[in-house]
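**Q** A single structure is presented below for examination.
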Amino acid sequence: MIALGCDHGGYELMQEVIAYLEKKGLEYENFGCDSTAAVDYPVYAKKVAQAVQSGRCEKGILICGTGIGISIAANRFRGIRAALCGDCFSAEATRLHNDANILAMGGRVTGPGLAVKIVDTFLNTEFSGEERHVNRVRGIDED
Ligand code: RB5
């Protein structure tokens with residue numbers, strides 16, 4: 001199950017992502033928002049972060065205008081590793097190295113064709129599981 005969340009700046013790109021997930025037959029839970037009317041991105045970051053944190057959803061996708069605010073907000077939640085990606089290399093690397101569990105994108109930055117390829121890469125790349133990466137990921141949540 002993939003948790004989805006966006007603000008008004010990410011709403012239109014999220015519709016493209018939803019169309020892609022439906023085409024692929026992938027299950028998702030959409031936490032909003034539901035239009036281009038102005039909303040506050042931390043609200044949706046929190047909903048998706050908590051869905052992933054609790055295990056209710058395996059991964060998440062968050063989109064705001066830049067992808068910056070919504071990824072900053074999501075990363076405040078322990079165990080959440082939200083990666084802002086604007087290219088497929090980063091999307092692959094953040095799964096392989098960081099075991100990122102949320103993909104963030106900028107709806108005003110990344111076009112729909114590239115965004116869908118980024119989503120595809122993110123969802124289809126497994127964490128490498130290499131010891132050095134396991135140790136580094138563990139270190140993220142150490143006090
Ligand atoms: C909303 O105008 C915009 O600030 C938001 O979508 C995002 O880009 C914040 O980081």
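**Q** So Gly5 fits all but one of (1) farther than 23 Å from Glu126 by Cβ; (2) open to solvent by 40 Å² or more (accessible area, probe 1.4 Å); what number is the exception?
**A** If we test Gly5 against (1) farther than 23 Å from Glu126 by Cβ; (2) open to solvent by 40 Å² or more (accessible area, probe 1.4 Å), just (2) comes out false.
**Q** Tally up the residues in the range 47-94 that are under 11 Å from the mean Cα position of the chain (by Cα) and among the basic types (Lys, Arg), please.
**A** Number of matching residues: 2.
**Q** Of the residues that sit in the range 62-79 and are more than 10 Å from the ligand (Cβ to nearest atom) and surrounded by 23 or more Cβ atoms within 10 Å (Cβ to Cβ), which one is nearest to Glu22 (Cα to Cα)? Working first, answer last.
**A** At the first step, the residues of the range 62-79 found to be more than 10 Å from the ligand (Cβ to nearest atom) are 62, 74-79.
Imposing the further condition that a residue be surrounded by 23 or more Cβ atoms within 10 Å (Cβ to Cβ) reduces the set to 62, 74.
On the way: Leu62: 17, Ala74: 25 Å.
Here the answer is Leu62.
**Q** Yes or no: Glu27 within 16 Å of Ala115 (Cα to Cα), of a type outside the set (S, T, N, Q) and open to solvent by 50 Å² or more (accessible area, probe 1.4 Å)? Walk me through how you get there before you give the answer.
**A** Working: within 16 Å of Ala115 (Cα to Cα): no; of a type outside the set (S, T, N, Q): yes; open to solvent by 50 Å² or more (accessible area, probe 1.4 Å): yes.
Criteria not met by Glu27.
**Q** List pairs: first in the range 25-37 and within 16 Å of Ile61 (Cβ to Cβ), second open to solvent by 60 Å² or more (accessible area, probe 1.4 Å) and not polar (S, T, N, Q), Cβ under 8 Å, 6+ apart or cross-chain?
**A** Between residues of the range 25-37 that are within 16 Å of Ile61 (Cβ to Cβ) and residues that are open to solvent by 60 Å² or more (accessible area, probe 1.4 Å) and not polar (S, T, N, Q), the close pairs are Glu27/Met1; Tyr28/Met1; Glu29/Met1; Glu29/Arg56; Phe31/Lys47; Gly32/Lys47.
**Q** So, in the range 80-113, of the ones that are open to solvent by 40 Å² or more (accessible area, probe 1.4 Å) and in contact (Cβ under 8 Å) with a residue 60 or more places away in the chain, which residue ends up nearest to Gly139 (Cα to Cα)?
**A** For the range 80-113, the residue satisfying everything is Arg108.
**Q** In the range 123-143, what residues are polar (S, T, N, Q), assigned to a loop (DSSP other than H, G, I, E, B) and open to solvent by 50 Å² or more (accessible area, probe 1.4 Å)? Before the answer, list the steps.
**A** Taking the range 123-143 as the starting set, the residues that turn out to be polar (S, T, N, Q) are 124-125, 128, 135.
Then keep just the ones that are assigned to a loop (DSSP other than H, G, I, E, B); that gives 124-125, 128.
Result: Asn124, single match.
The values are calculated or read from the model by the stated rules, or taken from the named source; none is laboratory data. Because the structure is a prediction, the values reported are computed rather than measured. With ideal geometry, Cβ positions are generated from the backbone for all residues, glycine too; neighbour counts draw on all protein chains shown. Areas reflect the complete protein model, heavy atoms only, side chains present, ligands, DNA and RNA absent. Shrake-Rupley method; radii C 1.70, N 1.55, O 1.52, S 1.80 Å.
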